[in-house]
Amino acid sequence: MRVDFDPEAMGGPAFYRFLTSVVVPRPIAWISTVTPDGLSENLAPHSFFSIASTDPPIVQFTSIGRKDSLRNVEETGDFVVNFATEALMPLVNATATDFPRHVSEFDHAGVEREPSLRVRPPRVRASPVALECRSHTSLRMGNSTLVFGRVVHAVADRDVLADGRPSAPLLRPLTKLGADEWGTLGEIRHLNRIPYEEPGPR
């Protein structure tokens with residue numbers, strides 16, 4: 001027996017809870033930004049995150065409402081995506097609190113910084129991979145804003161690389177599920193893609 005869910009009848013907040021329980025697992029973009037005056041360096045997880053383009057390399061995260069990350073990107077043009085790992089879960093969660101803009105989540109949660117190479121916001125030192133980004137464009141959609149950033153530099157710890165690229169088992173990514181649920185990598189399966197072959201002459 002199926003249960004029907006009508007987005008319009010339920011309203012935004014209720015259907016948000018349903019939708020985020022269905023679109024799982026979601027990778028987490030741990031976004032670091034800086035205020036225009038440089039006085040506050042902010043850090044927040046965003047679980048609506050993906051690749052938008054590979055050439056040029058563009059990643060995308062969504063801000064629901066006008067979060068500090070969004071405002072800082074709009075006003076400075078820079079942000080960093082810090083990879084969220086299973087081991088960093090307590091720190092990632094500690095930076096999810098909606099602090100005032102002048103409060104640095106780096107300082108409040110005790111997250112160690114390191115300087116970025118090409119953009120102003122710092123990177124998270126303990127994060128094994130970081131993508132330094134410059135704002136490409138943004139798109140307002142309902143109560144949310146999609147932020148697209150061109151990756152201008154990437155850095156990775158040597159010990160998470162295999163065959164020259166980051167390895168999922170070594171990275172141990174952290175993901176977001178529904179409600180207060182979090183996910184880890186679990187079992188990895190390998191399956192080759194089946195190529196299409198034109199039928200030969202009969």
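The values are calculated or read from the model by the stated rules, or taken from the named source; none is laboratory data. Bear in mind that the values here come from a model prediction, so they are computed numbers and not experimental data. Note: ideal-geometry Cβ built from the backbone for every residue, glycine included; neighbour counts use all protein chains shown. Only protein heavy atoms, including side chains, enter the accessible area calculation; ligands, DNA and RNA are left aside. Shrake-Rupley method; radii C 1.70, N 1.55, O 1.52, S 1.80 Å.
Structure notes:
- Shape category assigned to the stretch 43-91 from the gyration tensor of Cα positions, a/c cut at 1.5: oblate
- Taking all C-alpha pairs of the chain, those more than 32 Å from each other amount to 22 percent.
- Computed from backbone phi, the HN-Hα couplings of the stretch 155-169 come to 9, 9, 5, 4, 7, 10, 9, 9, 6, x, 9, x, 10, 4, x Hz, rounded to whole numbers (Karplus: 6.51 cos²θ - 1.76 cosθ + 1.60, θ = phi - 60°; Gly and Pro given as x).
- Of 121, 27, 57, the residue with the greatest mean-square motion in the GNM of the chain, using alpha carbon springs below 10 Å, is 57.
- By accessible area, using a 1.4 Å probe on protein heavy atoms only, the stretch 104-202 has 50% of its surface on carbon and sulfur.
- Cα gyration tensor shape of the stretch 152-197, rounded if a/c is under 1.5, else prolate or oblate by comparing a/b with b/c: oblate
- The protection proxy used here, the mean number of other Cβ atoms lying within 10 Å of each residue, ranks peptides 68-76, 168-176 as follows, highest first: 68-76, 168-176.
- Global form of the stretch 1-44, assessed from the alpha-carbon gyration tensor, a/c cut-off 1.5: oblate
- Spatial extent of the stretch 84-185: Rg and Dmax, with the Cα atoms as the point set, Å: 15.2, 43
- Only helical runs count toward this figure. For the chain, summing -39,500 (n - 2.57) over DSSP H runs of n ≥ 4 and dividing by all residues gives -4500 deg cm²/dmol at 222 nm.
- Sparsely packed loop sites in the stretch 86-179 (the GluC sites (Glu not before Pro) outside DSSP H, G, I, E and B with at most 13 other Cβ atoms within 10 Å) comprise 112.
- Using θ = phi - 60° and Karplus 6.51 cos²θ - 1.76 cosθ + 1.60, couplings along the stretch 107-115 (whole Hz; Gly, Pro as x): 6, 5, 8, x, 8, 7, 9, 8, x
- Long-range amide H partners of residue 113 with built H, under 5 Å: 125
- Once exposed loop chymotrypsin sites (Phe, Trp or Tyr not before Pro) are cut out (DSSP; at most 13 other Cβ, 10 Å), longest piece of the chain: 6-195
- A simple spin-label model places the labels of residue 93 and residue 177 1.3 nm from each other, with each point 7 Å out along Cα-to-Cβ.
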